[in-house]
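Chemist: For reference, the structure I am asking about is given below.
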Amino acid sequence: MANIDNDNALVQKEQFGPALPIVPYTDLEQAIEWANDSEVGLGSSVWSSDPERALQVADRLVAGTTWINKHGAIDPRVPFGGVKQSGFGLEFGVEGLKEMGLPKVVSH
């Protein structure tokens, strides 16, 4: 959904498709502030023709995963989980496997 305001419910609620919001901005600092002001933080994406700048912006976003020039690409070898009010722990990767297991020690 293009050209919607930051206070629109599609922006403020956690989306699980099939639509994603596109919020226009003129000030990058304001856009980063809006993104980080959300109560949820499962994933975010940065779209840019400048890879170095995209990495700098991605580093400032508070989200479990930030994709660059794509969105929602999940690799089961890489941990996936959210921050803030998004999700419970991690899944996938070694870290995700550790969250699913509980070691038991028997000492005799």
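The values are calculated or read from the model by the stated rules, or taken from the named source; none is laboratory data. A quick note: this is a predicted structure, and the numbers were derived from the prediction, not measured. Cβ coordinates were reconstructed from backbone atoms using ideal geometry, including for glycine residues, and neighbour counts include every protein chain displayed.
Chemist: For segment 6-21, enumerate the residues that are out of contact with any Leu (no Cβ under 6 Å at 6 or more places or on another chain) and either surrounded by 12 or more Cβ atoms within 10 Å (Cβ to Cβ) or aliphatic (A, V, I, L, M) (or both). It would help to see each step written out before you state the result.
Modeler: Filtering segment 6-21 for residues out of contact with any Leu (no Cβ under 6 Å at 6 or more places or on another chain) gives 6-20.
Answer for segment 6-21, where residues must be out of contact with any Leu (no Cβ under 6 Å at 6 or more places or on another chain) and either surrounded by 12 or more Cβ atoms within 10 Å (Cβ to Cβ) or aliphatic (A, V, I, L, M) (or both): N6, N8, A9, L10, V11, Q12, K13, E14, Q15, A19, L20.
Chemist: Taking segment 45-71 as the search range and keeping residues that are within 10 Å of the chain's Cα centre (by Cα) and assigned to a loop (DSSP other than H, G, I, E, B), which one is surrounded by the most Cβ atoms within 10 Å (Cβ to Cβ)?
Modeler: My answer is A63.
Chemist: Looking at segment 22-42, can you tell me whether even one residue there is surrounded by 11 or more Cβ atoms within 10 Å (Cβ to Cβ) and touching a residue at least 60 places away in the same chain (Cβ under 8 Å)? Let's see the steps before the verdict.
Modeler: Looking only at segment 22-42, we keep the residues that are surrounded by 11 or more Cβ atoms within 10 Å (Cβ to Cβ), and these are 22-23, 25, 28, 30-36, 38, 40-42.
Keeping just the survivors that are touching a residue at least 60 places away in the same chain (Cβ under 8 Å) gives none.
Scanning segment 22-42, I find no residue that is surrounded by 11 or more Cβ atoms within 10 Å (Cβ to Cβ) and touching a residue at least 60 places away in the same chain (Cβ under 8 Å), so the answer is no.
Chemist: I'd like to check something: does segment 93-107 contain any residue that is part of a loop (DSSP other than H, G, I, E, B), polar (S, T, N, Q), exposed (fewer than 14 other Cβ atoms within 10 Å of the Cβ) and modelled with pLDDT of 80 or more?
Modeler: Looking for residues that are part of a loop (DSSP other than H, G, I, E, B), polar (S, T, N, Q), exposed (fewer than 14 other Cβ atoms within 10 Å of the Cβ) and modelled with pLDDT of 80 or more, one finds at least one in segment 93-107, hence yes.
Chemist: Turning to a different aspect of this structure: Within segment 16-34, which residues are at pLDDT 90 or above and not in a loop (DSSP other than H, G, I, E, B)? I'd like the intermediate steps shown before the answer.
Modeler: Of the residues in segment 16-34, the ones at pLDDT 90 or above are 26-34.
Result: L28, E29, Q30, A31, I32, E33, W34.
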